[in-house]
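The values are calculated or read from the model by the stated rules, or taken from the named source; none is laboratory data. Predicted, not measured: the structure shown is a model, and the values here were computed from it. Note that we place each Cβ from the backbone using ideal geometry, even for glycine, and neighbour counts take in every protein chain shown.
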Amino acid sequence: MPIFICEDNDIQRNAIEEYIQNYLMIEELDMEIKLSTNNPYEILSYLEKKSISNGIYFLDVDLQCDIDGIKLGGQIRNKDIGGKIIFITTHSEMMYFTFKYKVEAMDYILKDDMQDLQKRIIEALEQASTHYQEDKNNPEERLKIKVGSKIRVFPMKDVMFIETSHVPHKLVLHLDQSTVEFYGKINDLESISNSLLRTHKSIILNVENVSALNRKNYEVTMANGEVCPIAMRKFSTLNKRLGSK
């Protein structure tokens, strides 16, 4: 698991590095500090050049830069969906903005007490390692789509179907209990998962969530009770897919 540190105070950045290095050496965890910097753009440049997943990011909030740690966290979230973001700061009042920018931070550590800071950093590393192992042992397919300026991730088990919207160039994702509109092309989506099947010119459905077929009306009932049409020529294809489950 790659670790990134962004802290504008050299003394504090060096302390954070030391806490992490000492802990990794003792515990022999499969982690490594890839980049430690005072420049948030170095982090973003690194992520642009390399495909990083499940990174661990220790970010100061006030970086004395035109981009603060929370906005940096938001951009990191778009590039590393599974990344673990930990804010380290003296500004507890800024916690609200982590929700505003949909950063989904794993922890928010205050710098008030350096001994407590070391303890909290170690706890964050332990938690990140635990989450990573759980994800490896229980792989769950997810659907990633861009909604506005954010990348959102949905468990495939919650996805019912995707249909074209009456708004040009927009699609509607039907989930178990809600819907989400986003811009996209339906032709680009069928190939992103083996669970998805194009059953109509305007619909791609999740085969795993089909609960019933109605041959008379050429309709499909999904696990959440929603009903959507199916093209006549696609009926036998879907029937075969369901029979092989």
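Overview of results
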item	result
Subset tally (residues that are among the β-branched types (Val, Ile, Thr) and either crowded, with 18+ Cβ neighbours inside 10 Å or in contact with an Asp or Glu (Cβ under 7 Å, 6 or more places away or on another chain) (or both)) for region 144-174	5
Output for region 23-43, where each listed residue is assigned to a helix (DSSP H, G or I) and at pLDDT below 95	Tyr23, Leu24, Met25, Ile26, Glu27
Test: residue in region 180-193 that is surrounded by 12 or more Cβ atoms within 10 Å (Cβ to Cβ), under 15 Å from Pro229 (Cα atoms), touching a helix residue (DSSP H, G or I) at 6+ places or on another chain (Cβ under 9 Å) and touching a residue at least 12 places away in the same chain (Cβ under 8 Å)	no
Of all residues making up region 18-49, the number that are more than 19 Å from Asp62 (Cβ to Cβ) and either out of contact with any helix residue (DSSP H, G or I) (no Cβ under 6 Å at 6 or more places or on another chain) or hydrophobic (A, V, I, L, M, F, W, C) (or both)	21
All positions within region 216-241 that are surrounded by fewer than 15 Cβ atoms within 10 Å (Cβ to Cβ) and of a type in the set (A, V, I, L, M)	Val227, Met232
Region 44-66, subset touching a residue at least 24 places away in the same chain (Cβ under 8 Å) and among the charged types (D, E, K, R), residue surrounded by the most Cβ atoms within 10 Å (Cβ to Cβ)	Asp60
